[in-house]
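A short write-up of the structure that comes next.
The values are calculated or read from the model by the stated rules, or taken from the named source; none is laboratory data. Values in this document were obtained by computation on a predicted structure and should not be read as measured data. Glycine also receives a Cβ, built like all others from the backbone with ideal geometry; neighbour counts cover every protein chain displayed.
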Amino acid sequence: MSKVLTVIRKEYLERVRSKAFLVGTLLGPLFMALLVIGPTALGNLTRSQERTVAVLDLSGDVFEPLVEVLRKNEDNHVKLRRYETGPQAAAGVEELKARVLAKDVDAGLVIGADFFAQPQLTFYNTAVSAVVLRDETLRPALNEVLREERFQRAGVPADQREYILARSEWTTLQLSAAAEAAQSADVGIIAAITMVMIIYIMVLLYGQQNLTVVIEEKSSRMVEVLLSSLRPEQLLVGKVVGIGLAALTQVAIWTLAGFLVSVQGVAVAGAEISLTVFSPWLWLNFLVFFVMGYFLYASLYAGIGAMCNSVQDAQQFSMVLTMGMVIPILLMMVVIRAPDQPMATILSLVPFFSPILMFMRVTVSDPPIWQVVLSWLLLALTIWWANKAAGKLFRAGILLYGSSPTWKSLARALSR
Amino acid sequence: MANPAEIRELPAIGEPLLLVEGLSKRYGETLAVNDVSLRIPRGSIYGFLGPNGAGKTTTIRCLMDIILPDRGTMLLAGVALDRRRRDRIGYLPEERGLYRKMTCQDQLAYLAQLKGVPRRESQQRAWRWLERLELGSYAKSKVDNLSKGMQQKLQFAATFIFEPDLVILDEVFSGLDPLNIELMRDLILEQKQKGTTILFSTHMLAEAERLCDAVCLIEGGIKILDGSLAEVRAAFPFQMVRAVYRDGREPPADLPGVVDRRQDDGTWRFELAPGIDAQNMLAPLAAAGPLSLFAANRPTLSEIFLTAVRRQRESRTSDRSER
């Protein structure tokens with residue numbers, strides 16, 4: 001046992017003292033923030049790019065009100081350029097199309113001759129991205145122009161228009177039996193995705209370190225000296241635990257920092273980041289799925305590493321294993337949309353998926369406790385199997401030099 | 001001492017420290033080690049000899065529990081080898097390396113701890129060893145910054161740092177330059193003086209002859225002979241004659257008393273039947289032509305080895321033909 005502790009201590013200190021750990025600890029949250037709120041922030045950034053739209057107003061009555069509405073909405077990232085048409089409408093459309101094709105303008109819009117009776121519009125574009133412009137800017141603005149004109153024609157008094165246009169108002173709060181506090185569902189989703197991403201990235205990052213470390217130990221010919229001092233299983237456990245503790249330390253630092261920030265009350269991308277609203281149940285699951293997910297993948301990565309002589313050799317095997325983490329990320333939206341459907345339930349019980357999917361369900365919904373506990377048990381069983389398998393791979397492969405392994409030799413080592 | 005509670009009862013000097021009985025290991029079709037028994041006296045340098053692929057490393061790995069033997073018993077000081085006992089055995093494998101990014105002192109300390117030396121003491125011992133090997137100024141540098149020779153010293157230190165009762169050195173001289181071979185030999189002899197028993201495996205028989213007190217020769221997984229150097233020599237009481245003709249001609253084919261003859265590098269070597277005096281050879285050889293060299297000597301270890309292997313093969317084929 002003390003030998004395992006020696007290995008743990010060495011692997012842990014080696015990692016925690018490294019520059020990479022310091023940099024990772026500092027930059028990790030930044031990276032995570034970019035990953036979670038980045039797409040939204042980036043979206044806002046692109047929307048503000050100015051675009052020019054050529055407008056051919058066949059009715060002649062729409063262009064001015066449209067400009068007016070856009071100005072009123074302070075939507076100034078779209079510039080409209082008006083085109084006049086001669087007696088031949090078709091010729092004007094052809095010219096406009098040519099302009100769009102020549103990229104003089106970003107898009108073209110032809111407003112029907114009898115717009116207020118038959119609101120027909122034709123939109124020309126060369127890039128699919130212009131669709132965003134159509135849907136987010138032009139369509140609502142033209143709808144408003146149409147509405148105002150029709151109110152006018154129908155003689156609706158100004159004070160009733162507001163009343164007619166009223167929308168339902170929503171407040172969304174997520175309730176759960178475990179947590180007394182109600183939290184805003186938006187914050188819930190952001191936090192859930194952040195925590196899932198932490199599990200995903202950390203399990204892969206630190207799990208794969210086991211593979212590289214074992215291969216390094218093999219290629220530096222260190223392994224035989226080590227094996228004369230301790231059993232392969234002890235070496236395996238020492239490594240996996242030591243590296244895992246370093247991962248846990250990093251997450252603990254982030255969590256602590258997160259709590260300190262929450263107390264200060266900091267808002268990112270409009271949502272207040274607050275870790276204090278999470279229930280102990282959720283924290284427990286975060287810890288359980290993080291630790292168990294790490295152990296499952298790390299020991300298998302280490303086993304693969306023991307069979308291989310170079311990282312390149314290992315790639316074909318490790319890729320299949322990595323898939324076990326990537327697939328649930330792809331399935332994440334399915335689970336968020338319908339966290340309690342049979343599909344999500346079954347997927348989240350698959351041990352290789354549950355660190356991501358069951359945890360996702362715990363954060364966005366409130367799955368029955370028996371399901372959560374069942375996934376723990378299944379995971380624990382799989383870890384037990386994975387450790388045995390990794391031990392076999394270790395014994396079979398650790399002194400194997402020269403030939404690169406095949407699926408067949410892997411299977412043979414496992415069936416021993 | 002690694003563990004103060006542990007009582008190290010060792011046999012007297014000269015009594016067997018390590019006993020191996022009937023060790024066998026099969027890899028698929030090939031029998032890598034075939035019923036090998038060893039008796040390694042305490043305080044000796046024991047040469048475990050044989051050509052490459054003879055089964056030396058396999059035997060050693062079985063001793064260190066790195067691979068599992070199919071059959072056989074292994075006793076250290078009369079007790080079956082287990083993990084705790086193996087903590088008393090140092091092992092320097094042929095394929096040896098170091099953690100390249102670790103400092104010298106940490107490296108030695110880590111390897112000592114893995115053999116059960118307490119943490120604080122392991123650092124002190126590492127420091128003492130580095131000083132002794134004149135690597136003190138490198139204690140805090142990474143192994144990457146060390147020359148090959150320094151790394152060899154470090155590996156050597158790692159093998160001895162926990163004061164083992166038995167040390168197994170597998171092909172310790174392979175890949176070393178003459179200067180480093182000399183250094184290693186001095187270190188090995190120094191450790192022997194301190195009473196450490198050393199199992200020394202090599203395919204370089206000349207080195208073994210200079211260093212070892214007792215030897216075991218194996219070939220094709222089978223033990224050919226073993227015993228102290230004196231015993232081995234006594235078992236092969238023949239003489240060798242070397243001769244070179246000035247004009248490089250071949251010696252006569254019908255020399256009396258010659259059991260085996262071979263030529264290497266222009267020199268003819270004759271193995272004489274036991275009891276035949278080398279002097280008897282001079283006249284018939286000189287009669288055939290002008291000699292530029294005639295020498296008689298007792299066989300070297302490698303000559304004994306070749307003879308023993310030949311006899312073994314002959315007896316095997318005759319066994320087979322009798323059946």
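With respect to (1) under 25 Å from A:E50 (Cα atoms); (2) assigned to a loop (DSSP other than H, G, I, E, B), the lone exception for A:V100 is condition (2). Residues in segment B:92-110 that are more than 7 Å from chain A (Cβ to nearest Cβ) and at pLDDT 90 or above: B:L92, B:M102, B:T103, B:C104, B:Q105, B:D106, B:Q107, B:L108, B:A109. Candidates in segment B:127-148 are the residues that are within 14 Å of chain A (Cβ to nearest Cβ) and part of a helix (DSSP H, G or I); of these, the one that is farthest from A:R9 (Cα to Cα) is B:K148. Evaluated against (1) under 30 Å from B:P69 (Cα atoms); (2) surrounded by 15 or more Cβ atoms within 10 Å (Cβ to Cβ); (3) hydroxyl-bearing (S, T, Y), A:S415 falls short on exactly one condition, (2).
Which strands (runs of 3 or more DSSP E) does segment B:15-91 wholly contain that include 3 or more residues that are away from chain A (no Cβ under 13 Å) and without any contact (Cβ under 8 Å) to a residue 60 or more places away in the chain? Even if it seems obvious, please write down each step before you answer.
On the way: elements: B:16-27, B:30-41, B:45-49, B:71-76.
The qualifying strands (runs of 3 or more DSSP E) are B:16-27, B:71-76.
Within segment A:369-386, being crowded, with 21+ Cβ neighbours inside 10 Å and more than 20 Å from A:G303 (Cβ to Cβ) holds for A:V372, A:S375. Applying the criterion of being within 12 Å of chain A (Cβ to nearest Cβ) and assigned to a helix (DSSP H, G or I) to the residues of segment B:158-177, the residue that is farthest from B:G47 (Cα to Cα) is B:A158. Total residues in segment A:7-18 satisfying the condition of being out of contact with any Phe, Trp or Tyr (no Cβ under 7 Å at 6 or more places or on another chain), assigned to a helix (DSSP H, G or I) and within 11 Å of chain B (Cβ to nearest Cβ): the figure is 5.
Would it be correct to say that A:L121 is at pLDDT 85 or above, within 33 Å of the chain's Cα centre (by Cα), within 18 Å of A:G60 (Cα to Cα) and aliphatic (A, V, I, L, M)? So A:L121 fails the test. If the condition is being more than 25 Å from A:R337 (Cβ to Cβ) and of a type in the set (K, R), then segment A:360-404 contributes A:K388, A:K392, A:R395.
Taking A:V251, is it touching a strand residue (DSSP E or B) at 6+ places or on another chain (Cβ under 8 Å), part of a helix (DSSP H, G or I) and free of Cβ contacts under 8 Å to residues at least 60 places away in the same chain?
Working: touching a strand residue (DSSP E or B) at 6+ places or on another chain (Cβ under 8 Å): no; part of a helix (DSSP H, G or I): yes; free of Cβ contacts under 8 Å to residues at least 60 places away in the same chain: yes.
So A:V251 does not fit the description; no.
If you go through segment B:112-126 and keep only what is surrounded by 23 or more Cβ atoms within 10 Å (Cβ to Cβ), within 28 Å of the chain's Cα centre (by Cα) and more than 7 Å from every other protein chain (Cβ to nearest Cβ), you end up with B:A112, B:V117, B:A126. Among the residues of segment B:188-213, those that are in contact with a helix residue (DSSP H, G or I) (Cβ under 6 Å, 6 or more places away or on another chain) and under 18 Å from B:G175 (Cβ atoms) comprise B:S201, B:T202, B:L205.
Beta carbons closer than 6 Å, at least 6 apart along the sequence or on distinct chains, pair a first residue in segment A:219-242 that is facing another protein chain (nearest Cβ under 7 Å) and on the phi < 0 side of the Ramachandran plot with a second that is surrounded by 21 or more Cβ atoms within 10 Å (Cβ to Cβ) and of a type in the set (S, T, Y) for A:S228/B:Y91. Candidates in segment A:289-314 are the residues that are at pLDDT 90 or above and farther than 18 Å from A:L236 by Cα; of these, the one that is surrounded by the most Cβ atoms within 10 Å (Cβ to Cβ) is A:F289.
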